[in-house]
Amino acid sequence: MIELKGIHKSFKNLEVLKGVDLTVQEGQTVALIGASGSGKSTLLRCINLLETPDKGKIVIGNYSFDADNMKAAVKREARKRTAMVFQNFGLFENKTALENVTEALIVVKKMAKADAEEVGKQYLEKVGLLGKKDHYPNALSGGQKQRVAIARALALEPKIVLFDEPTSALDPELVQEVLGVIKNISKERVTMLIVTHEMDFAFDVADQVAFMDNGTILEVNTPKELFAHPKNKRTRQFINRYTQRFSYTI
Amino acid sequence: MGKIFSVEFMLEIIPDILKGIPYTISIAVVAFFVGISIGFFGAIIKIYKIPVLKKIVGVYVSFVRGTPLLVQILLIYYGIPILLRIINQQFGTTFDVSKIPAMVFMFAAFSISAGAYLTESIRAALLAVDKGQMEAAYSVGMNTFQGMTRIVIPQAIKVGIPVFANFFIGLLKDTSLAFAASVPEIMGRAKIEAGRASRFFEAYIAAALIYWGICILFERLVVVLERKVRKNEGGVEK
Ligand SMILES: Nc1ncnc2c1ncn2[C@@H]1O[C@H](COP(=O)(O)OP(=O)(O)OP(=O)(O)O)[C@@H](O)[C@H]1O
Ligand SMILES: [Mg+2]
């Protein structure tokens with residue numbers, strides 16, 4: 001389980017996160033939706049401490065830490081318990097697909113190389129890319145890169161996998177292969193927090209949907225409830241923009 | 001002084017000028033590697049904006065880039081002995097300046113100069129690596145050192161190879177300035193031969209051909225090296 005309590009974050013004078021509270025239960029998939037600029041990416045980056053929150057408390061499983069105490073060691077511990085899938089993939093360009101997955105297992109988790117490779121192959125298999133294990137990122141399609149990135153994240157066996165718009169940098173025809181992979185791992189009860197603009201996908205896959213607006217989370221509910229009966233006015237406005245599309249799916 | 005241009009004389013002195021090659025190469029190689037080390041620290045200091053050190057590196061780079069290499073060489077050549085004399089006076093030590101070979105001064109001068117230029121090149125190469133690479137390294141739990149050595153630096157080297165190779169070629173040629181400190185490298189020997197027979201043009205043509213030859217050899221080497229590094233870009237590990 002992960003829990004965020006009163007997360008604040010400002011960049012200079014711009015207050016981006018204004019006290020975010022959010023809980024993701026173990027094994028759940030939570031979709032985080034909201035308008036551009038509402039602070040979704042910043043929130044994810046605060047969870048794995050690529051940004052340091054100004055205020056607030058984060059609990060990841062049995063490890064909890066406070067924004068007041070952000071030593072390098074705390075950051076490393078927190079990062080070991082989370083994994084991130086970036087919009088632009090963030091694969092190590094100088095490493096093959098397999099090495100991308102094994103790198104942290106060897107360097108961070110101190111796994112023996114042979115063991116790490118076994119694990120790495122399992123996860124590449126899971127995302128359907130074992131055949132590409134010796135390819136460098138520049139020889140992979142966007143969809144394949146993102147699937148390797150997902151394998152890399154899962155192999156770390158984190159308490160939570162954070163996805164920041166995993167399909168929005170992809171050509172339309174590649175979106176489904178990546179969403180398909182995420183849907184499959186969601187069925188395996190991997191704990192996930194996914195920022196997405198793919199409302200159909202959120203409706204389909206998420207256990208909970210959280211709506212973020214202007215630096216706070218306004219509403220959290222099951223997708224059925226949140227999309228059909230949004231309680232908050234801002235949520236309703238946001239959802240309405242997608243209603244057209246949703247009348248087909250619901 | 002019969003012939004206008006004596007090919008015989010040129011050929012005759014080439015073996016002697018060739019004896020300067022070890023000096024030329026060793027100054028270039030030492031300066032390059034010491035320069036890479038200085039440049040790496042300089043680049044890290046600039047990129048991470050480390051207080052105080054950042055200012056020092058700024059002045060260092062600015063000074064070296066803003067003064068001719070020949071002047072720097074002479075400053076070191078005449079400056080270090082004075083510095084040693086002051087140290088001897090102050091601390092009652094007895095370093096003997098005359099025992100220090102001229103080459104040591106050259107290593108120092110060329111390294112200091114190379115370090116400043118390479119600070120800028122290495123900084124550029126490191127910054128050319130996508131910022132997302134370091135974030136990805138952090139996100140899987142690596143620390144800054146691990147991310148740097150395993151992810152960022154290997155990519156920066158690849159980006160930087162053409163620049164570093166060019167720099168090395170420049171350095172090879174710049175070593176000709178070491179004659180100013182009477183180091184018997186290629187240019188120094190050519191000058192001596194030239195003066196001995198008063199056949200300046202032949203001697204300098206000979207020197208030019210030798211420098212050219214070395215540079216061509218080195219360029220070949222770089223092509224091979226680049227091909228090796230770029231092998232990955234085909235996409236599949238060989
Ligand atoms: N490093 C930064 N420095 C300054 N401002 C930043 C920084 N990162 C984000 N911001 C600002 O914070 C606000 C929220 O950005 P964020 O990327 O979290 O939004 P988002 O909800 O992810 O939007 P999108 O859907 O477009 O990705 C924006 O106004 C953005 O300009
Ligand atoms: Mg974003």
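Computed from the coordinates by the stated procedures, all read-outs in this text should not be read as laboratory data. Keep in mind that this is a model prediction, so the values were computed, not measured. Positions of Cβ are backbone-derived with ideal geometry, glycine not excepted, and every protein chain shown enters the neighbour counts.
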Bridge type composition, the protein assembly as shown - antiparallel percent by DSSP, nearest 5: 60 percent
Which of A:8, A:229 has the fewest Cβ neighbours within 10 Å, and the rest in rising order: A:229, A:8
P(r), alpha carbons of chain B - 5 Å bins starting at zero, rounded %: 1, 6, 11, 13, 14, 14, 12, 10, 8, 6, 3, 2, 1, 0, 0, 0
Of the DSSP H helices in chain B, those whose Cα atoms cover at least 27 Å axially and whose Kyte score averages -1.0 or more: B:21-47, B:69-91, B:102-128, B:153-174, B:200-230
Residue of B:20, B:160, B:213 that the Gaussian network model of chain B assigns the largest fluctuation, springs spanning Cα pairs under 10 Å: B:213
Over 32 Å [Cα-Cα, the protein assembly as shown], rounded percent: 56 percent
Dipole-positive endmost among B:40, B:137, B:89 within region B:22-183 (Cβ charges, Cα centre): B:137
Most mobile listed residue (A:125, A:117, A:15) in chain A, GNM with C-alpha springs under 10 Å: A:15
Gain in span if fully extended, residue A:114 to residue A:224, counting 0.36 nm per residue against the direct Cα distance: 35.1 nm
Mean Kyte hydropathy of -0.5 or more with a Cα span along the axis of at least 18 Å, helices from DSSP in chain A: A:142-155, A:172-187
Exceeding the 18 Å Cα-Cα cut-off - candidates A:40/A:145; A:18/A:55; A:133/A:183; A:132/A:159: A:40/A:145; A:133/A:183; A:132/A:159
Max mean-square fluctuation residue, GNM over chain B, Cα-Cα springs under 10 Å, options B:13, B:50, B:73: B:50
Counted charge near residue A:205, where neighbours are those whose Cβ lies closer than 14 Å (Asp, Glu -1; Lys, Arg +1): -1
Computed label-point distance, nm, for sites residue B:3 and residue B:220 using a 7 Å Cα→Cβ extension: 2.8 nm
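Please work out the ratio of the alpha-carbon Rg of region A:112-250 to 2.2 N^0.38 Å and round it to two decimals.
Details: Rg = 17.1 Å, N = 139, 2.2 N^0.38 = 14.3 Å.
That ratio works out to 1.19.
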Inter-label distance, nm, simple model (7 Å from Cα along the C-beta direction), residue A:66/residue B:157: 4.5 nm
Inter-centroid distance (Cα atoms) of region B:117-173 relative to region A:191-212, Å: 38 Å
Distance between modelled label sites at residue A:168 and residue A:55, nm, 7 Å Cα→Cβ extension: 2.7 nm
